[in-house]
1. Quick check on my filter: what residues within region 229-268 are over 17 Å from Gly332 (Cα atoms), buried (at least 22 other Cβ atoms within 10 Å of the Cβ) and among the β-branched types (Val, Ile, Thr)?
2. Restricting the search to region 74-87, which residues are within 24 Å of Ile39 (Cα to Cα), open to solvent by 50 Å² or more (accessible area, probe 1.4 Å) and within 22 Å of the chain's Cα centre (by Cα)?
3. Is there a residue being touching a residue at least 24 places away in the same chain (Cβ under 8 Å), open to solvent by less than 10 Å² (accessible area, probe 1.4 Å) and within 19 Å of Leu394 (Cβ to Cβ) anywhere in region 323-330?
4. Looking at (1) within 27 Å of Pro55 (Cα to Cα); (2) surrounded by fewer than 24 Cβ atoms within 10 Å (Cβ to Cβ); (3) among the small types (Gly, Ala, Ser); (4) in contact with a strand residue (DSSP E or B) (Cβ under 9 Å, 6 or more places away or on another chain), can you tell me which one Ala296 breaks?
5. What about Leu118, is it out of contact with any His (no Cβ under 7 Å at 6 or more places or on another chain), without any contact (Cβ under 8 Å) to a residue 40 or more places away in the chain and among the aliphatic types (A, V, I, L, M)?
6. List every residue pair whose Cβ atoms lie under 6 Å apart, where the two residues are 6 or more positions apart in sequence or sit on different chains, the first residue falls within region 58-69 and is at pLDDT 95 or above, and the second residue, located anywhere, is among the basic types (Lys, Arg) and in a strand (DSSP E or B).
7. Out of curiosity, is Lys308 over 23 Å from Asp106 (Cβ atoms), basic (Lys, Arg) and open to solvent by less than 70 Å² (accessible area, probe 1.4 Å)?
8. Going by the structure shown, is Arg357 in a strand (DSSP E or B), on the phi > 0 side of the Ramachandran plot and not β-branched (Val, Ile, Thr)?
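The values are calculated or read from the model by the stated rules, or taken from the named source; none is laboratory data. Computed from a predicted model, the values in this text were never measured in an experiment. In this analysis, Cβ positions are derived from the backbone assuming ideal geometry, glycine residues included, and neighbour counts consider all displayed protein chains. For accessibility, only protein heavy atoms count, side chains too; no ligands or nucleic acids. Shrake-Rupley method; radii C 1.70, N 1.55, O 1.52, S 1.80 Å.
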Amino acid sequence: MKRRTLLFKRIGLLLLTLSIGFFSCSGKEKAEQAERSIITSGPEFKSTSAEVHLPYLFVSQDKMYISWIESEQGYHQFYWSSLEEQSLGEKELIAGGENWFVNWADYPQVNAFKDGSLMATYLKKSGPGTFSYDIWYAVRQDQGNWTEPKVLHDDQTQTEHGFVSMSPWKENMLVTWLDGRYTVSHSSHNHHTHQHQGQMTLRAALVNNTGEKLNEWLLDDRVCDCCQTASAITDLGPVVIFRDRSENEIRDIGFQRWEEDQWSPSQPVYMDLWEIAACPVNGPRISTYKQHLAIAWFTAAKGQAEVKVIFSEDQGKTMSAPVLCDLGNPIGRVAIEMLNEEVAFLVWMEDQRILGRTVSTSGKLGRPLEIAKSSENRSSGFPQLKKTANKLWLAWTDDSEEAKLIKTASINLDELSFP
C-alpha cells in the first residue's frame, strides 16, 4: 500500500511538473506571438530579372521614403519612392550606369533638405583598381528634375571615396565620407614626406539645395578604412561618428561635435580597446532627440562580440555607461532611433535574425523582437531603420531566394512596450 501511495505521489508530481512546463511554454509562445503581432509586414520589392537590393530609408516632412538599387547584367539603376505601410509609391529613376561601384556595405543614399529638396549620392568607378571609385551626387528641388551629377570631392585621385552619411543641417546638407586621397602617393617626391601618406581620412562638406558645395573640412587624418560613417543633428549642432584607428590598430568608435563654430578634436565614444589589424566593415549609428543622443556600435574586443549603446544628454560632452544589448552572439550591423529623451530602439543582427529591442538611458532593456530571418552573408547587407511621428520603419535585403529582393516592415510606437 505504501509503495502504491508513493507511486501515485510521484506520478502526480510528474504530471504537475509537465503541466507547469506546458503552461509556461504556452505563455512564452503567446508573449512571443504578441510581440511579433506589433510588427506589420510592408511591401516587398522584387523583379523577375534584376537583383533588387541595398535599401535606404529617409524621412521628409514626417513622411517615409526609400531608395534602392536594381542590378541586372552589370547595369545598375538607382530608384526612390514614397513608402506606405502596405504600398510603394511610383518609383522614380535617379541615375543608372555600368561603371558603378555597388557594394553590400557602401550603398547609395538619398536624404531630404528641410524644404523638401532631395540630395542623392552613389559611387562610380574612377580607375582600374578594385577600390578606385568616386562619390557622385545630384539634387532635386520640389517636383523638378535631378541636377547634372558631379563628384563631391575635388582631389581627382583614383582611390577609395565612400561610406557617405547625410544629415540636413539648417538649410543645407551635412555630408561626411571616408576619403582615400592619401592612401597612394602622387609621386616619388612626396611618398615619404607627406604627413598623411597611406591613411584613410574622414572629411565633411556642406552642400546647399542647388548642389553647391559651401564648405569642406578634414575631420580626422587616420580612420578605419571601410566602416560606415554616421551623423545626426542635435539642438546644439551636429555630431559625426566613425570607427577610428590608432597607431597600434585600436579601432574603437570616435566622434566629433560642432561647437563654437568649429569641429572638436576626435574623441572616443567608449574605450573598448578593440585591437584588430583589419577593417571589420561594421560602422556605428547615431540618433538624436533635442540635445540628447544615442550611439550604437559593434565591437569584438578581447574576442567577445558585443553590441552596445551609449547615451548623452549634452551633445556628447559627457557619456553614460555603455549598455550591453545583444543576446550573446551578434554580428553587429546596427541601427538606432531615439524615441524620446530616455528611450531608443535598437536593431542588430544575430543568429541568422534581424532583432530589435528598446533600451533606456537607465540601462533597462525591452524584450528582443525578431523582425525577420536573415542570413549572415554580405549579400544580406545592413538593416535600415528610421522613425516618423508614430511609426518605426524597417527595410532590409532578403538574399534567401535566387534573386535578392527588399522587404519592409513597420511598428506602431503606441504598441511598443517601453522598458
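1. Scanning region 229-268 gives Val239, Val240.
2. Scanning region 74-87 gives Glu84, Glu85.
3. First pass over region 323-330, keeping only residues touching a residue at least 24 places away in the same chain (Cβ under 8 Å): 323, 325-327, 329-330.
Applying the additional criterion that residues be open to solvent by less than 10 Å² (accessible area, probe 1.4 Å) yields 325, 330.
Of the ones still in play, those that are also within 19 Å of Leu394 (Cβ to Cβ) are 325, 330.
Yes, because at least one residue in region 323-330 is touching a residue at least 24 places away in the same chain (Cβ under 8 Å), open to solvent by less than 10 Å² (accessible area, probe 1.4 Å) and within 19 Å of Leu394 (Cβ to Cβ).
4. If we test Ala296 against (1) within 27 Å of Pro55 (Cα to Cα); (2) surrounded by fewer than 24 Cβ atoms within 10 Å (Cβ to Cβ); (3) among the small types (Gly, Ala, Ser); (4) in contact with a strand residue (DSSP E or B) (Cβ under 9 Å, 6 or more places away or on another chain), just (2) comes out false.
5. no
6. That search, which allows pairs on different chains as well, returns Val59/Lys386.
7. On the way: over 23 Å from Asp106 (Cβ atoms): yes; basic (Lys, Arg): yes; open to solvent by less than 70 Å² (accessible area, probe 1.4 Å): yes.
Yes: the conditions hold for Lys308.
8. Taking the combined requirement at face value, the residue does not satisfy it.
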